[in-house]
Amino acid sequence: MINSRLFDQYSIDINKNVNIKKRCPRPFDTVLIDKQGSCYLCECTSWLPQSAGNLQIKTLEEIVDSSVAKELQGSILDDSYRYCNNKHCAYLLDYKGTDSWGFDTPAKQIKHIRLAIDDSCNLSCPSCRTKKIFYKNGETFNKRIKLIDKVLKFLESQKHNIQVHIGSDGDPFASIVYRYFMLKTKHFQNLKYSMQTNGLLIKKNFHKFKHITDNLTQIGISIDGATKQTYEELRQGGVWEKLLENLEFLKTIKKFKIHFHFVVQQKNYHEIESFVDLGIKYSADKIFLNRITDWGTLLDFNNHAVADQAHPENKKLLKILDKIKNKENFVEFRSLL
């Protein structure tokens with residue numbers, strides 16, 4: 001059942017018709033699973049916020065074949081994209097009416113699984129949480145392990161190649177739940193991996209999970225600062241020198257794509273140009289400047305949301321973005337505009 005209130009929360013007009021003839025493959029080949037077991041047919045819950053079902057109640061096979069899944073997929077097949085957030089989705093923002101995007105025939109199999117099952121992390125970033133979150137036992141930990149076991153059961157039944165993304169919420173190397181998943185996939189031959197991490201534990205763990213890193217296609221590093229002072233204020237618990245040590249390590253082994261991520265906010269937007277230089281220095285393939293999201297952790301969120309037009313420093317941000325617009329193939333910042 002479609003929950004219209006969810007779409008109101010993200011300011012998504014479900015009566016729209018964007019009339020895009022090419023069809024996004026994600027609602028047909030991708031599943032994101034959150035810490036409650038809710039399954040979304042997209043890479044990001046804010047792009048398509050309707051859950052297609054819950055893994056605690058149904059199997060993944062049942063969820064991707066559910067009536068809700070078919071309704072969401074139908075909004076792609078009729079070209080309306082009515083349930084999609086066309087103001088934030090990177091794919092829709094990138095669409096230029098060419099044949100290089102989308103598909104003509106829907107996928108018949110899940111090709112991408114994104115694990116957002118555990119928010120355990122070695123940092124406590126103010127934009128994300130009010131305190132450090134870490135689970136190693138107890139009821140919550142056990143529930144998340146059960147969700148991982150259900151994902152593993154699904155993966156064991158699949159013979160085709162699947163890309164698994166680890167860590168859309170917590171850090172893959174800090175989380176015991178994600179480490180459990182990585183250890184349990186040693187015998188899987190059909191998996192490729194990508195991950196999102198704060199980067200501080202990469203060098204220490206890189207060779208401990210060789211079957212993961214040997215099959216890693218992409219790694220995203222969340223940084224949010226270009227100087228020691230700003231980084232350590234916004235990535236609390238992080239050590240700037242330790243981060244640079246890990247970035248240097250990644251640069252030397254460079255066998256997969258490296259993406260740097262920067263949540264743009266009032267306290268760091270003045271370092272955007274320096275952050276671009278940082279990406280160049282450490283051989284990043286792409287830099288993403290992301291709009292800050294209100295997770296309910298910042299009491300004065302509007303003061304931090306410099307990308308909002310109403311923010312008093314928004315014009316200064318736009319001037320900085322104008323300076324780097326010639327680097328659009330290297331820097332992605334359309335969600336800020």
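No value in this document is a laboratory result; all are computed from the given coordinates. Bear in mind that the values here come from a model prediction, so they are computed numbers and not experimental data. So basically every Cβ, Gly included, is an ideal-geometry build from the backbone, and we count neighbours across all protein chains shown.
Taken about its Cα centre, the chain carries a charge dipole of roughly 820 debye when the Cβ of each Lys and Arg holds +1 and the Cβ of each Asp and Glu holds -1. Secondary-structure-derived ellipticity at 222 nm for the chain, considering helices only, amounts to -9000 deg cm²/dmol, per-run term -39500 (n - 2.57) for DSSP H runs with n ≥ 4.
Neighbours of Asn161, meaning other residues whose beta-carbon lies under 14 angstrom from its beta-carbon, give a summed charge of +3 when Lys and Arg score +1 and Asp and Glu score -1. Here r is the Cβ-Cβ distance between Asp294 and Asn314 and R0 is 22 Å; the resulting FRET efficiency, rounded to 0.05, is 0.85. Neighbour counting of Cβ atoms within 10 Å sorts the residues Trp240, Trp295, fewest neighbours leading, into Trp295, Trp240. Residue exposure proxy: Arg26, Arg5, ordered by other Cβ atoms within 10 angstrom of their Cβ from fewest to most, comes out as Arg5, Arg26. Applying the criteria of a DSSP loop state and at most 14 other Cβ atoms within 10 Å to the trypsin sites (Lys or Arg not before Pro) of the range 103-189 yields Lys108, Lys131, Lys132, Lys136, Lys159, Lys186. Calculation over all alpha carbon pairs of the range 1-73 in 5 angstrom steps from 0 returns a P(r) of 3, 16, 26, 28, 17, 7, 2, 0 percent. Straight-line cross-link partners of Lys153 among the aspartates and glutamates, defined as a Cα under 12 Å from its Cα and at least 8 positions apart when in the same chain: Glu61. Share of Cα-Cα pairs in the range 1-160 beyond 20 Å, in percent? Considering the range 1-160, 54 percent of its Cα-Cα pairs are separated by more than 20 Å. Checked against a 26 Å cut-off, the cross-linked pairs Lys131/Lys255; Lys70/Lys255; Lys16/Lys325; Lys132/Lys267; Lys281/Lys325 give Cα-Cα distances beyond that limit for Lys131/Lys255; Lys70/Lys255; Lys16/Lys325. Here is the size of the range 248-289 from its Cα atoms: Rg then Dmax, 11.1, 34 Å.
Please build a GNM for the chain, connecting alpha carbons under 10 Å apart, and tell me which residue among Leu299, Leu48, Leu115 fluctuates the most. With Cα springs under 10 Å in the chain, the top fluctuation among Leu299, Leu48, Leu115 is at Leu299. Residues Tyr269, Tyr180, arranged from fewest to most other Cβ atoms within 10 angstrom of their Cβ, appear as Tyr180, Tyr269.
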